[in-house]
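One structure is given here, and the rest of the page talks about it.
The values are calculated or read from the model by the stated rules, or taken from the named source; none is laboratory data. Small disclaimer: the values here were computed from a predicted structure and weren't measured. Cβ placement follows ideal geometry from the backbone for every residue including glycine, while neighbour counts extend to all protein chains displayed.
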Amino acid sequence: MSPTRKHLWGPVRWAENGAVRLAFDALTEGADGEPLLLATGLGANRLWFPDGLCRILAAQGFAVARYDQRDGGESTHLPATPTRNPISALFAKREEAYTAEDMADDAVAVMDALGWRSAHLLGVSLGGAVAQRVALRHPGRVRSLTSMAAVPGDTSGLRAMRYIRMRTLAKFARLRFPDTREGAVAAGIAVSRLLASPRRPFDEPAAREAAERNADRGIHDQQAQSRQIGAQWHGPPISAVTRPTLVLHGEDDPLIKPSAGKAIASRIHNSRLVLLPRVGHEIPECAWDTVATEIRTLATNSRQLPPAPGN
């Protein structure tokens, strides 16, 4: 008998990285599989990962856990900063609220709380850049790296603009919704529409149902998103990544150009690039089987490689 949505995920738990508390939970199915940690995108909470995809990953032999980035979901939100929207955060020349290294260390703190010495990583959008940085900063903790719909993890600020469709980002910056549950639902529908592939009919009833189930205010919290975008990376280039790497990118991504995925794959030795047809800046059901199969293949092949040196 399949578990209900209420019982599909274990209780929320907490990891700590200094003063930051990070909310995470684990899928109840496949708990004895290989550890797989999911890292979310800009402003989004962990519930944006589709349950259906997570269940397919569990069936592929993974123990799946997901967490909220700092400044997202139930994790710690940092104090307000002068930069008020993601576009101005790209141009800002100021001391950031925290660093990209801090965000990479957050992922390791979650792994510690789960009791995982190492794990496969799947990061989407901002989470993809975070996952790349974890592989650079903590290679001994990473079994394999899957970066999806992301920019190169060593690119930030103005240098990231070449990969971002500024017209779409500007649309995000113009979104205004009241800080209420109804506003969060409306924002969820609007964001889903902006991120969807234009080559598939937009299913507004499904988007509304998903938004009502997950009324995530973080997707229109521009202050929090600005702090996340403003987190600068000070470490080595992604060409130094040594862990087995898969790069996934939607062919129709309306926010991050596919050239970003191509750049990542060209710079990480022996990485594999898979472009997903009829996929935008999202993980639609039509792509779940492909995504899970590619991650399973990467994980299986990674067993044949020597472990990375510890930290």
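Touching a Pro at 6+ places or on another chain (Cβ under 9 Å), buried (at least 20 other Cβ atoms within 10 Å of the Cβ) and either without any contact (Cβ under 8 Å) to a residue 12 or more places away in the chain or small (Gly, Ala, Ser) (or both): does that describe residue 192? Criteria not met by residue 192. Elements of the type helices (runs of 4 or more DSSP H) sitting completely within segment 36-150 and holding at least 2 residues that are at pLDDT 95 or above: these cover 51-59, 100-114, 126-137.
Taking the criterion of being within 17 Å of residue 126 (Cβ to Cβ) and in a loop (DSSP other than H, G, I, E, B), the residues of segment 214-233 that qualify are 216, 221, 230, 231, 232, 233. Just one of the numbered conditions (1) within 17 Å of residue 136 (Cα to Cα); (2) over 20 Å from the mean Cα position of the chain (by Cα); (3) touching a residue at least 12 places away in the same chain (Cβ under 8 Å); (4) not in a loop (DSSP other than H, G, I, E, B) is not true of residue 246: (2).
From the list 211, 187, 173, 206, the lone residue that is farther than 19 Å from residue 49 by Cα and part of a helix (DSSP H, G or I) is 173. Take the conditions (1) surrounded by fewer than 18 Cβ atoms within 10 Å (Cβ to Cβ); (2) touching a Ser or Thr at 6+ places or on another chain (Cβ under 8 Å); (3) closer than 13 Å to residue 282 by Cα; residue 232 misses just one of them, which is (3). Out of the residues in segment 251-272 that are surrounded by fewer than 17 Cβ atoms within 10 Å (Cβ to Cβ) and under 17 Å from residue 302 (Cβ atoms), state the one that is nearest to the chain's Cα centre (by Cα). In this case the residue turns out to be 272.
Conditions (1) part of a helix (DSSP H, G or I); (2) within 25 Å of residue 61 (Cα to Cα); (3) small (Gly, Ala, Ser); (4) without any contact (Cβ under 8 Å) to a residue 24 or more places away in the chain, marked per residue:
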| residue | (1), (2), (3), (4) |
| --- | --- |
| 239 | yes, no, yes, no |
| 281 | no, no, no, no |
| 291 | yes, yes, no, no |
| 298 | yes, yes, no, no |
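Look at (1) among the acidic types (Asp, Glu); (2) part of a helix (DSSP H, G or I); (3) in contact with a helix residue (DSSP H, G or I) (Cβ under 8 Å, 6 or more places away or on another chain) and you find that residue 154 fails only one, number (2). Of the numbered criteria (1) modelled with pLDDT under 95; (2) among the β-branched types (Val, Ile, Thr); (3) touching a Gly at 6+ places or on another chain (Cβ under 8 Å), the one residue 279 fails is (1). Among the residues making up segment 227-270, those that are modelled with pLDDT of 95 or more and basic (Lys, Arg) are 243, 257, 262, 267. Among what's in segment 166-187 and is surrounded by fewer than 15 Cβ atoms within 10 Å (Cβ to Cβ) and basic (Lys, Arg), pick the residue that is modelled with the lowest pLDDT. If we take residues in segment 166-187 being surrounded by fewer than 15 Cβ atoms within 10 Å (Cβ to Cβ) and basic (Lys, Arg), then 174 is modelled with the lowest pLDDT.
From the list 199, 162, the one residue that fits, being exposed (fewer than 15 other Cβ atoms within 10 Å of the Cβ), charged (D, E, K, R) and outside any loop (DSSP other than H, G, I, E, B), is 162.
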